[in-house]
Structures are given as structure tokens and as C-alpha cells.
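As C-alpha cells, the structure follows; a few thoughts come after it.
The values are calculated or read from the model by the stated rules, or taken from the named source; none is laboratory data. All values derive from a computational prediction rather than experimental measurement. Here the Cβ positions follow ideal geometry from the backbone for every residue, glycine too, while neighbour counts run over all protein chains shown. Accessible surface is based on the protein model in full, side chains and every heavy atom, while ligands, DNA and RNA are left aside. Shrake-Rupley method; radii C 1.70, N 1.55, O 1.52, S 1.80 Å.
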Amino acid sequence: MDKDSPTLEEWRRLYQAAVHIKEIAPWNWMTEDEIFGVQNPETDELGFISVMGMRGEHYSIAVYLGAKGLYGFWEVENAGPDDPAEQILEVPQLQASFEDRNVLRKEDRDIIKQAGLKFRGKNAWPLFRSYRPGFFPWFVEANEARLLTYALEQAADVTSRVKEHDSLLHPAGNANYLVRVAHQQDDTLVWEDRIMSVLPPEPLAISMAMDLDALEHLKSLPQNNATLEIDFFMFPAPIQEGKDARPVFPYALMCVDAESGTILDIELLMPDPSIEAMWGQIPLTMVNQLVKLEYLPSRVKVRTNLLYQLLTPLAQELRFRLKQTHRMRSLNKAKNVMFARLG
């Protein structure tokens, strides 16, 4: 834990809010798609609250951060079976979950002990985590703990009212949400309901790097009849550079020959300083992969819309056909073999 960690008093208030929501157990009558919001009184930023646990498998309150988090949640909610499983880890959010003791790390147990708290039993131990795109779920920082506290306290209010009036969370308009908003009255925060329209986030402007000399070299290479299958996915082995550093997931750009199933190249990229900056490196990385092959393919298949959008300018420049599809038999087999060898 570092200097950005919550104070002991902030931890105590957060645990108190978690214990209260556990006692209410709103997952008994609410589903995770019944979303409502809370406005951070310190920053005016919005968080959108989802209650998980109706199936009795995982009890948690998630706070999806801003429009990016909200619409990221809906993308995951509407995802199909072929969409990448790591998609949920790329949605900015905070979570308060209730776990068995063995799920907690030593740092979590130490905080509970320092705060003078005791928990016992299955799904009884509060666990607080921060999710940042491309990073391993990690300990909450002070500002995140305060937002999570506000969210849990307001979740207790809203979910209790939803139990009596299930129409509370259905304001007119698809983009409208009930949001809890506070104003200062003397030394107290007074909360009230507001209906807010939340539009999708602005499209990302991704700055893409390129080696122009390598690109010109590729234009001079022969084009054969090969079809490549390319995927970009989170590598399920986080890397931690220091004891207190937040672990980060590397991502792999894998290139497979569709006919033979041979893995032609794998390059690892890091979501540092951000996942968007990493995305901007993908076209350059593919150019470097093609330079190693010393030929241009006629066709390239990609799985995700992200890859399709990032590689479209390259396909136009190098005159290969680019297709987005989930039918990538050779690549899927290669991934499965690789993961099996890694255990």
C-alpha cells in the first residue's frame, strides 16, 4: 500500500457501507442491468451502479466510471459468445464484492485487522478493487475508496426503494438514468434524485505510429495467395514491475497462416501509458511482422471491430483484402495449443 491509499478512517467508512449493503442484500430482487447513477460530490464525475448476485454465484456492487464505463458495461452485457472474455477487464470500474477469506490478499486482511473489524463465513469478507483497462484488478486508492463509499451508501437508499417501487429505475428515454446528486447543507451532504441523459462517449482519437521506410519496403514485396488470421488479445499472465506496482496485462498480436495453421509471429504489447496508446502501436507491429515474412498476403482475417478499424488504412495501402469474422479455425487452434502449453 502506498501514499495514495485511503486513511484508516476512510477504510472504516467504506467497510461500514459494505456491511450495510450486505445486510440489505439487494441482489435478492435486483438484476445487474438495473442501472442507476451517483455523482461524485468531490469531482461531479458520474458512476453507474450495478448490483450482481441474483444467481447466487458472485455478490458484488460495481460502479462503472463515466459514460465510457456505462456504455462499456452495455457492450459486455450485449456481447455474444465469440466476443473476448477479457472485455469486462477493459471497462473502467470499481467493485465491492463479498468473498471467502482465502480470496483476500494479506494486505486486505491487514486493513481489516487495523480497522478493528471481524468477518466470518462464506461470502462474508468485503473486497474492494479498482479495474483500469489493461491492468490487473488492484487495491483502491483514496479517491476511489471515497467514490465507492458514496456509491454503496446511495445504493442502499436506491435499492431499498426499488424493492417497494420497481418502476423507480425506468425513466422515459433510453439514455435516461436516475442519478443520486448531493449538495452541501451546512456541514452535511444532502442527496436527491435527478434524471440525467447520458450520451455515448466521444469516439476515441487514436494516434497511430508508423515506420514509413518499412511500409515502402513492403510495397516492393511480392503478393502471394496466402490468407493470414490475426487476433489481438489479452495475455492471461499479468506482469508486476515492483512489489507495490499495479500489475499489467500484456496483449498479444498473433499472426497465423490460415491454411497450414502455423504461428508466423507473436508480438507482445503493453497498455502503457494507456490502452489507447497501445492500440495505436498495432498497425506498426503488423508492418514489422510482414517485414519478417518477406511477402504480402492476399487476404487478412481479423476477429474484432477494433482490429478491422485499425488495419483498414494498412489494407488499403498494401492492397490486401481485410475481412472481419469470428470463423478463424487455424488461429483458434493455435491459441488453444499455446495456452495449453502455458498451463
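Only residues that are of a type in the set (D, E, K, R), closer than 22 Å to Leu204 by Cβ and open to solvent by 40 Å² or more (accessible area, probe 1.4 Å) were counted across region 74-97, and they come to 4.
For the criterion of being over 21 Å from Leu212 (Cβ atoms) and open to solvent by less than 30 Å² (accessible area, probe 1.4 Å), Arg341 fails. Taking the criterion of being under 26 Å from Ala17 (Cα atoms) and not in a helix (DSSP H, G or I), the residues of region 64-99 that qualify are Tyr64, Leu65, Val91, Pro92, Gln93, Leu94, Gln95, Ala96, Ser97, Phe98, Glu99.
Ile275 satisfies every condition listed in (1) touching a strand residue (DSSP E or B) at 6+ places or on another chain (Cβ under 7 Å); (2) at pLDDT below 95 except (1). A Cβ distance below 6 Å, combined with a sequence gap of six or more or placement on separate chains, defines the contacts here; from region 1-29, residues that are closer than 14 Å to Ile61 by Cβ and open to solvent by 60 Å² or more (accessible area, probe 1.4 Å) reach residues that are at pLDDT 95 or above and part of a helix (DSSP H, G or I) in the pairs His20/Ala156. Of the residues making up region 174-203, those that are assigned to a loop (DSSP other than H, G, I, E, B) and open to solvent by less than 50 Å² (accessible area, probe 1.4 Å) are Ala175, Val198.
Name every residue in region 169-215 that is free of Cβ contacts under 8 Å to residues at least 24 places away in the same chain and among the aliphatic types (A, V, I, L, M), in order of residue number. Matches in region 169-215: Ala172, Val190, Ala205, Leu212.
A count restricted to region 292-338 and to residues that are among the aliphatic types (A, V, I, L, M), open to solvent by 20 Å² or more (accessible area, probe 1.4 Å) and either part of a strand (DSSP E or B) or over 20 Å from Met278 (Cα atoms) (or both) stands at 4. Would you pick out the residues in region 52-63 that are more than 15 Å from Leu178 (Cα to Cα) and either among the small types (Gly, Ala, Ser) or outside any loop (DSSP other than H, G, I, E, B) (or both)? Once the filter is applied, which keeps residues that are more than 15 Å from Leu178 (Cα to Cα) and either among the small types (Gly, Ala, Ser) or outside any loop (DSSP other than H, G, I, E, B) (or both), region 52-63 yields Met52, Gly53, Gly56, Tyr59, Ser60, Ile61, Ala62.
With a requirement of 1 or more residues that are over 17 Å from Lys301 (Cβ atoms), open to solvent by 40 Å² or more (accessible area, probe 1.4 Å) and among the aliphatic types (A, V, I, L, M), the strands (runs of 3 or more DSSP E) lying completely within region 211-282 that satisfy it span 263-269. Does Tyr71 satisfy being farther than 20 Å from Thr149 by Cβ, surrounded by 16 or more Cβ atoms within 10 Å (Cβ to Cβ) and at pLDDT 90 or above? Against the criterion (farther than 20 Å from Thr149 by Cβ, surrounded by 16 or more Cβ atoms within 10 Å (Cβ to Cβ) and at pLDDT 90 or above), Tyr71 qualifies.
In this structure, is Asn288 in contact with an Asp or Glu (Cβ under 8 Å, 6 or more places away or on another chain) and not hydrophobic (A, V, I, L, M, F, W, C)? It is true that Asn288 is in contact with an Asp or Glu (Cβ under 8 Å, 6 or more places away or on another chain) and not hydrophobic (A, V, I, L, M, F, W, C).
Can you spot a residue in region 48-56 that is modelled with pLDDT under 95 and open to solvent by 60 Å² or more (accessible area, probe 1.4 Å)? Yes, there is a match, as at least one residue in region 48-56 is modelled with pLDDT under 95 and open to solvent by 60 Å² or more (accessible area, probe 1.4 Å).
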